[in-house]
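Let me begin by presenting the structure, written as structure tokens, before commenting on it.
Throughout, read-outs are computed from the coordinates displayed, never taken from laboratory work. In this text the structure is predicted, and so the values were computed from the model without any measurement. Note that we place each Cβ from the backbone using ideal geometry, even for glycine, and neighbour counts take in every protein chain shown.
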Amino acid sequence: MWEGSGKVAIAGIGHSPTYRRWDERAETSLGAMAMDAVQAALDDCGLEADEVDGVVSAPGPLSGYWGPRPVLAAVKAAFQQTPGDAEDGISKVTAEWLARNLGLSALQVADNTAGMIGSVLNHAIELVVSGRCKAVVVLRPLNNFAGRYGHYGANAAAEASGTGQFTTAYGHSGFVSTMATFFTRYLWTYGKTHADLADLALIEHANGLLCDYGYFAQHAPEELTREQYLAGRWIAEPINIYDCDLPMQVAGAFVVTTAELARDLRQHPVYVRGIAGGPRARGRRASMYALEDAQAADTALANRLWQSAGIGPLEVDFANLYDAPLVLVPHLIETFGFCKPGEALEFCNPEQIGVGGVLPINPWGGNVGAGRSHGIDHIYEAVLQLRGQAGGRQIRGASVGVVHVGPPVNGAAQLLGVDAG
Amino acid sequence: MERPIPIPDDVSKPFWEAANERRLVAQFCVACSEWQHPPERACAECGATPLEFRELSGAGTIYSVHVEHDSRVVVMQQHQPYIVATVLANESPYAVFLTNLPGTSAGDVAFGKDGEQSVHIGARVAVEFEEVGAGRFVPQFRVVS
């Protein structure tokens with residue numbers, strides 16, 4: 001068992017509205033959205049800004065995904081700037097920017113990390129377990145500017161350098177390409193076809209329409225039919241557009257505190273029972289994400305999670321599994337031990353994984369059903385479910401949930417519970 | 001086929017020099033007795049340096065494959081839909097190459113076990129070299145029956 005099990009809690013959560021693109025107003029800038037999300041998380045649990053002693057941000061951006069653009073003077077003037085960094089508050093939001101603009105006066109730690117929200121949350125949890133901090137704000141801001149995602153920088157060059165010599169030169173297009181090749185291998189290994197993914201896709205898209213904080217419920221509440229799904233245009237075959245998550249502008253924040261402090265705050269604490277992190281790709285062909293390598297690595301990650309919590313897959317009430325793109329979900333269902341290798345696509349039926357099913361998966365729709373939050377919503381929804389605040393998506397009797405955010409091999413996971421254990 | 005032209009660096013230079021002579025080479029770690037490609041500064045497994053570039057037979061099999069319909073690689077968009085296959089050299093599963101499988105088209109690809117197409121996982125391939133500029137070649141692989 002992990003020494004921190006049950007000693008730390010997620011006490012507060014905050015979520016910005018969602019937008020497809022930034023409209024270049026100061027009040028919808030990434031900095032403003034980050035401040036809104038953090039303030040909402042503080043209000044949610046009843047902490048004051050001067051009681052926060054740590055901030056950990058995954059500041060973004062995914063550099064190079066958008067072309068250069070001018071920083072508008074009106075936006076700059078609306079906030080206190082980080083010296084020497086004109087992008088801060090616009091394409092990214094650092095811990096320093098947040099501390100300045102939100103008046104966080106009692107900080108002992110202000111960290112920025114390159115990780116996704118899952119590993120950033122684990123870092124915040126460790127800060128509390130170690131005693132360095134009592135109340136840490138975790139921030140993930142995610143931008144989406146005009147123009148096509150990723151059609152810039154090295155991808156738009158006439159030459160291919162660095163790792164691109166062996167990837168871009170052949171037209172390999174990035175993570176979705178990697179996952180397409182990964183999924184072909186999966187389909188071949190287990191004798192499946194892309195159409196076998198339809199049930200999972202329809203469940204996620206339908207769940208997303210029940211999610212009041214997600215993009216589709218807010219802006220495009222249209223049902224996806226099986227016919228539409230099966231006719232969806234290919235992005236990187238065998239991944240179609242409905243298997244992908246729509247980029248959006250959003251920010252999410254969490255307040256992580258000692259269990260003791262959380263019990264004195266406004267909401268019922270959601271206890272961190274276990275954590276596990278991926279080892280980061282290393283070794284031969286690490287960047288290839290070969291199916292067999294990823295199966296070994298993610299089975300090991302899941303086992304570390306179960307061992308850290310002293311809880312096994314049969315005791316879990318729901319699972320929020322990273323789904324960008326959707327083809328990751330069957331891989332994670334299998335490696336987390338919810339079914340045998342090769343059986344996840346049959347497992348993904350409404351009776352099994354729907355909101356009223358035996359093991360609900362991604363009850364708010366995941367990133368595919370609710371928009372690209374890069375995992376913010378995997379955690380946000382887990383907290384809502386464990387507090388009994390998920391409205392029409394509420395899983396009856398939800399007391400233990402598992403969260404995984406990230407790509408194969410390099411993800412991070414938490415086991416969260418209503419009880420401290 | 002117009003494509004982004006690879007720019008060699010100090011690690012990959014021997015690989016591209018060999019390709020320009022129409023030879024396929026890859027790094028070999030003498031300490032591990034194992035190959036690795038793409039090239040790196042040190043053996044990704046044991047950290048040993050330097051690594052020798054040795055010649056491969058050029059024969060391999062398709063590990064997996066996908067088809068790009070909406071690529072982010074701007075120069076390649078004119079070729080859509082195009083195949084990107086992952087090939088493992090016969091000598092080692094750690095000598096990993098990408099290829100566009102010249103001589104095939106997107107409709108030839110079998111995804112899963114759903115077809116009789118020529119491009120499928122496990123299909124045998126052999127190296128050839130595509131001229132991308134005066135005297136400059138990139139390795140490609142062709143399906144062999």
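Quick notes on this one:
- For the range A:76-189, a simple Cβ point-charge model (Lys and Arg +1, Asp and Glu -1, everything else neutral) yields a dipole of about 260 debye relative to the Cα centre.
- Gyration tensor (Cα) of the range A:5-112, equivalent ellipsoid semi-axes in angstrom: 25, 15, 14
- Summarising the overall dimensions of chain A from its C-alpha atoms, the Rg and Dmax are 20.4, 59 angstrom.
- Global geometry of the range A:300-411, whether rounded, prolate or oblate, following the gyration tensor of its Cα atoms and the 1.5 cut on a/c: rounded
- Projecting the Cα atoms of A:Pro408, A:Gly232, A:Gly283 onto the charge dipole of chain A (Cβ charges, centred on the Cα centre) puts A:Gly283 farthest toward the positive pole.
- Within 10 Å of the Cβ of each residue in A:179-191, the mean number of Cβ atoms contributed by other protein chains is 6.
- Rounded D (µm²/s) - the range A:84-226, Kirkwood Rh over Cα pairs, Stokes-Einstein at 10 °C, 1.306 mPa s: 80 µm²/s
- Placing unit charges on each Cβ (+1 for Lys and Arg, -1 for Asp and Glu) gives chain A a dipole about its Cα centre, and among A:Leu326, A:Ala157, A:Ala201 the Cα reaching farthest toward its positive end belongs to A:Ala157.
- Near A:Glu315, once Lys and Arg are set to +1 and Asp and Glu to -1 for all other residues with Cβ below 13 Å from its Cβ, the sum equals -1.
- Lys/Arg +1, Asp/Glu -1 at C-beta; the protein assembly as shown dipole; positive extreme among A:Cys348, A:Leu72, B:Trp35: B:Trp35
- Rounded to the nearest 20 debye, dipole of the protein assembly as shown from Cβ charges on Lys, Arg, Asp, Glu: 400 debye
- Span from the the range A:126-182 Cα centroid across to the the range B:67-145 one, whole angstrom: 24 Å
- Cα centroid separation, the range A:300-372 to the range B:5-19 (Å): 43 Å
- Each label was represented as a point 7 Å from its Cα along the Cα-to-Cβ direction; for A:Gln307 and B:Glu40 these points are 2.4 nm apart.
- When you restrict to C-alpha pairs under 8 Å that are six or more residues apart and normalise by the size of the range B:1-119, the relative contact order lands at 20 percent.
- As a calculated quantity, the FRET efficiency between A:Thr163 and B:Glu130 at R0 = 22 Å, using C-beta atoms, amounts to about 0.65.
- Candidate lysines - alpha carbon under 18 Å from A:Lys192, same-chain residues fewer than 8 apart omitted: A:Lys340, B:Lys113
- Cβ charges +1 (Lys, Arg) and -1 (Asp, Glu), total dipole of the range B:46-145, debye: 100 debye
- Those GluC sites (Glu not before Pro) in the range B:52-145 that DSSP places in a loop and that have at most 10 other beta carbons within 10 Å: B:Glu116
- Sites A:Arg25 and A:Arg226 - FRET efficiency at Förster radius 35 Å, r taken between beta-carbons, to 0.05: 0.35
- In terms of its C-alpha gyration tensor, the range B:13-143 has a prolate overall shape, because the principal axis ratio a/c (a ≥ b ≥ c, square roots of the eigenvalues) is not below 1.5 and a/b outweighs b/c.
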